[in-house]
Every structure is written in C-alpha cells, then in structure tokens.
Amino acid sequence: MEASLEELELLADTAGMDIVGTLTQNLESPNPRTLIGSGKVEELKLLAEDLGADAVIFDDELLPRHQRELETELGTKLKLLDRTALILDIFALHANTKEGMLQVELAQLKYRLPRLTRAWTHLARQSGGGGGRAGSVGGVGLRGPGETQLEVDRREVKARIKKLEDELDKVREHRSRYRENRRKTNVPVVALVGYTNAGKSTLLNKLTDSNIYVADQLFATLDPTTRQLTLPMGQQIVLTDTVGFIQKLPTDLVAAFRATLEEISEADLLIHVVDISQTDALLQRKTVLETLSNIGAGNIPVITVYNKIDRLDEETMDFVLPLLEPQPFLISALNGTGLDKLVDSISEQLYARYERVTVMLPYEHGNLVSIFHEKGHVNTVEHLPQGIRISGLLPREIVTQFGAYLVHGKTTNHPVS
C-alpha cells in the first residue's frame with residue numbers, strides 16, 4: 001500500500017499537483033456506496049477542509065456510483081479523481097503525436113461515459129477535437145423530443161468514441177503495413193520495455209547517440225520513439241522506446257493503446273529495463289511481466305537489465321544482489337556502465353544462429369540472391385563482371401545452399417560440373 005501511495009504522489013506531482021495530506025483505511029471489502037466507510041468519508045471531508053485541499057485522489061478506481069455518492073457527501077467544490085483519471089490526465093499532457101492524442105481521447109471518453117451526470121456541462125464544449133457545435137453531433141441536428149441534455153451528451157460521446165475507434169483502426173492498418181515492409185527488409189526490432197521512469201529513454205539515447213526528451217518523472221515520454229542501432233558485426237537493428245507500464249494500468253488505456261502496444265508484441269527481442277534503485281524494483285518487474293503477458297508479448301525473448309546502479313552504494317549493492325537472479329545484468333544508462341556488454345548480448349540473442357559469409361553468385365542464380373535477401377541480413381552487394389558478391393549473415397541451416405559459392409579469402413569456390 002505504501003509503495004502504491006508513493007507512486008500516486010509521483011503521479012500527482014507529474015500532473016502539477018501538490019500533496020498536502022494522506023488518508024488510508026483498511027477494509028475487508030469496499031463500501032458499495034462510497035468505497036470507504038461512512039466514518040472515513042466524514043474524516044476525509046474534515047481533513048480536506050482543514051488542509052484547504054482542492055481535490056481528493058483515490059488510489060483505486062472509483063465506480064460511477066462511488067463518484068456520485070462521494071460528490072454528494074463531500075460537496076462539488078472538492079474535485080474527485082481516482083488513479084485512472086489522474087493517469088489519463090498525465091497522458092493527455094504528454095501525448096504529442098496525432099496517434100497519441102487520439103488514443104488518450106478515446107480512453108478518456110470511455111472512462112467518462114458511464115460517469116456522466118446532470119452536473120456535467122455540455123460535452124461538445126469540452127471535446128478534444130470533435131469539431132461539433134454545442135447542441136449538435138458533428139455540427140448537425142437538434143435534440144429529439146423529450147431528450148434530456150444528459151442523453152444528448154451520452155449520444156455525442158458514443159459518436160465520438162466510434163469515430164476515434166475508426167481512426168485508430170486506420171492507424172493500426174498503417175502500422176501493420178509498415179511492419180510488413182520492415183519484415184521484408186529483415187531488420188530485427190528490439191523494444192525497450194519497463195516500468196515508467198525506469199530509464200528506457202536514457203538508454204535509447206546512450207545506445208543510439210540520440211537526444212529524445214528525458215525527465216525524472218512518470219510518463220515523461222508517451223509516444224514510441226524509434227532509432228537505428230549498428231551492432232558490433234555491422235548488423236542494423238531498430239530500437240524502439242515504448243510507453244512505460246505502471247501498477248493498476250487502466251484497462252481502457254491498454255485497449256486504446258493497442259496499436260502502440262502491438263509494436264512490443266511484434267518485436268524480435270525485448271530489453272526489460274528495471275530501476276534497481278527503487279525499493280519495490282522486483283514488484284515493478286513483476287507488474288511489467290504480467291502486462292507483457294496480457295498484451296500477447298509473454299513469449300518474446302527478453303534480456304532483463306537492472307539500471308541506475310550508479311545510484312547504489314557498495315553496501316546497498318551487497319544487500320540487493322542476492323535478491324536478483326544469478327549473474328544479473330547491471331547497467332547505468334546515465335554513465336554507460338555495462339552497455340558494451342548489453343550490445344554484445346543483443347547481437348548474440350538476435351544472431352546466435354547466423355553465420356557471417358561472403359558469396360559470389362553467378363547472375364543466372366537470381367533465386368539464391370533472393371534467398372540471401374529474404375532469409376539473411378545483407379551488409380554489402382557488389383555487381384562484378386563474374387557475378388554478384390554479397391557479404392552478410394545467413395542462418396546456419398541454409399549456408400549449405402550457398403556452399404559452392406562461398407568466398408574464402410580471395411578464392412571463390414565453384415560447383416564441379
């Protein structure tokens with residue numbers, strides 16, 4: 001509970017809020033009306049008044065009934081938020097691409113729909129880009145006979161949700177075509193995954209000499225960022241930084257971000273970045289693994305790296321190391337410690353079954369040229385009078401198909417007729 005509340009404070013800080021007090025309650029089961037007990041509601045009201053609070057944030061998701069009853073008990077002047085609403089607010093602040101903004105708006109509307117009340121002002125004035133006139137859907141039409149403002153709001157929200165889902169389906173199709181083209185080039189994709197603020201963006205910057213935005217806060221980067229990385233043997237890979245995970249990640253948010261999360265599920269290798277300086281690092285690791293399983297990425301090979309070792313002194317390291325798996329992968333994305341070893345491990349994982357070869361293929365054997373491009377990883381191609389000279393990596397199981405044309409030093413083997 002303490003770790004979860006500390007995380008909630010960090011979320012609130014990321015959203016620009018100041019925490020003035022904390023209240024907890026142990027319950028065997030939630031109160032069906034107000035989530036917390038009636039006495040605790042009164043205690044919360046007095047505490048908020050005493051501290052001059054403007055808002056109350058619940059660490060668990062408030063059901064629509066909880067929201068209505070608590071607003072009645074606490075008064076409408078005190079803004080009520082739950083963890084889900086807070087995360088959605090942060091995502092709205094940090095979404096910079098059109099896709100990100102579409103995904104956030106969809107999640108927000110799905111969250112708000114069952115919570116609409118008569119107290120809400122008209123949704124058309126609040127919509128994040130619906131483009132409609134107040135009192136209309138898409139700028140056309142009037143309220144039907146006997147239709148209340150609340151019903152109009154619900155109808156408009158549902159229409160907007162449908163439009164957003166259609167737009168995101170197009171994004172998903174575009175991503176699918178892009179991934180298909182990427183697969184044809186045989187460039188492996190490595191996705192950086194991990195808890196929010198674990199240091200994924202810093203690691204991407206360090207490995208690829210980039211300068212994407214980094215901040216010591218939760219969800220500092222939301223939209224996925226992709227960069228190219230050249231491995232020691234010259235292989236090109238695509239390295240993708242993805243949105244961070246968190247405890248109690250809202251279901252609607254996972255659903256809305258499925259187009260982005262598919263980038264993870266389609267990766268050839270995952271780099272799971274764990275912030276070793278966190279007291280609940282192993283719990284965060286468990287949360288990420290569970291989320292990966294939920295989005296269909298549980299069977300992808302994973303390299304787990306424990307980041308931010310620069311923040312630990314020797315005594316703390318001696319305490320922490322026995323809690324980790326044998327021979328843990330320790331790095332500091334900030335100062336570069338352990339990154340050469342990480343890059344070697346990435347290369348080994350991706351290319352363990354590959355062999356570096358150079359072949360000289362006669363022009364009439366275009367089928368072998370195609371196989372090299374489709375199954376292997378091409379580094380150089382030279383069109384010479386005697387044939388096509390290709391250097392690169394081939395899966396060991398098909399090297400024998402090229403055995404007659406392998407180049408050893410300056411000698412080219414030709415088939416015996």
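A few notes on this one:
- Looking only at the range 90-123, and only at residues there that are touching a helix residue (DSSP H, G or I) at 6+ places or on another chain (Cβ under 6 Å) and small (Gly, Ala, Ser), the one that is modelled with the highest pLDDT: Ala107
- Selected residue (criterion: nearest to the chain's Cα centre (by Cα)) from residues of the range 155-188 that are at pLDDT 75 or above and not in a helix (DSSP H, G or I): Pro188
- Boolean, Asp310 is in contact with a strand residue (DSSP E or B) (Cβ under 9 Å, 6 or more places away or on another chain) and assigned by TED's automatic domain parsing to the domain that holds Val273: yes
- When residues of the range 221-251 are limited to those that are modelled with pLDDT under 80 and surrounded by fewer than 17 Cβ atoms within 10 Å (Cβ to Cβ), the one nearest to Lys341 (Cα to Cα): Met233
- Index of the failed condition, Gly366 passing every other in (1) over 23 Å from Leu192 (Cα atoms); (2) free of Cβ contacts under 8 Å to residues at least 40 places away in the same chain; (3) touching a helix residue (DSSP H, G or I) at 6+ places or on another chain (Cβ under 9 Å): (3)
- Filter result for the condition that a residue is touching a helix residue (DSSP H, G or I) at 6+ places or on another chain (Cβ under 7 Å), in a helix (DSSP H, G or I) and not small (Gly, Ala, Ser), over Leu249, Leu253: Leu253
- Residues satisfying the stated conditions in the range 256-280, i.e. modelled with pLDDT under 90 and either of a type in the set (Gly, Ala, Ser) or assigned to a strand (DSSP E or B) (or both): Ala256, Ala259, Ser265, Ala267
- Listed here are the strands (runs of 3 or more DSSP E) enclosed by the range 292-396 that have at least 2 residues being within 32 Å of the chain's Cα centre (by Cα) and closer than 24 Å to Val243 by Cβ: 302-307.
- The set of residues from the range 232-251 being in contact (Cβ under 8 Å) with a residue 12 or more places away in the chain and either assigned by TED's automatic domain parsing to the domain that holds Gln108 or of a type in the set (S, T, N, Q) (or both) comprises Gln235, Gln236, Thr240, Thr242, Gln247.
- Cβ pairs under 7 Å, 6+ apart, first in the range 148-161 and free of Cβ contacts under 8 Å to residues at least 40 places away in the same chain, second part of a helix (DSSP H, G or I): Asp153/Leu123; Glu156/Leu123; Glu156/Ala124
- Pairs linking a residue in the range 263-292 that is surrounded by 22 or more Cβ atoms within 10 Å (Cβ to Cβ) to a residue that is part of a helix (DSSP H, G or I) and among the polar types (S, T, N, Q), with Cβ atoms under 7 Å and 6 or more positions apart or on different chains, are Val274/Gln284.
- Scanning the range 1-12 for residues that are modelled with pLDDT of 90 or more and either closer than 19 Å to Leu46 by Cα or among the acidic types (Asp, Glu) (or both) yields one hit, Glu9.
- Of residues in the range 293-307 being out of contact with any Lys or Arg (no Cβ under 8 Å at 6 or more places or on another chain) and polar (S, T, N, Q), the one surrounded by the fewest Cβ atoms within 10 Å (Cβ to Cβ): Asn299
The values are calculated or read from the model by the stated rules, or taken from the named source; none is laboratory data. It should be emphasised that the depicted structure is a prediction, and the values quoted were computed from it without experimental measurement. Note that we place each Cβ from the backbone using ideal geometry, even for glycine, and neighbour counts take in every protein chain shown.
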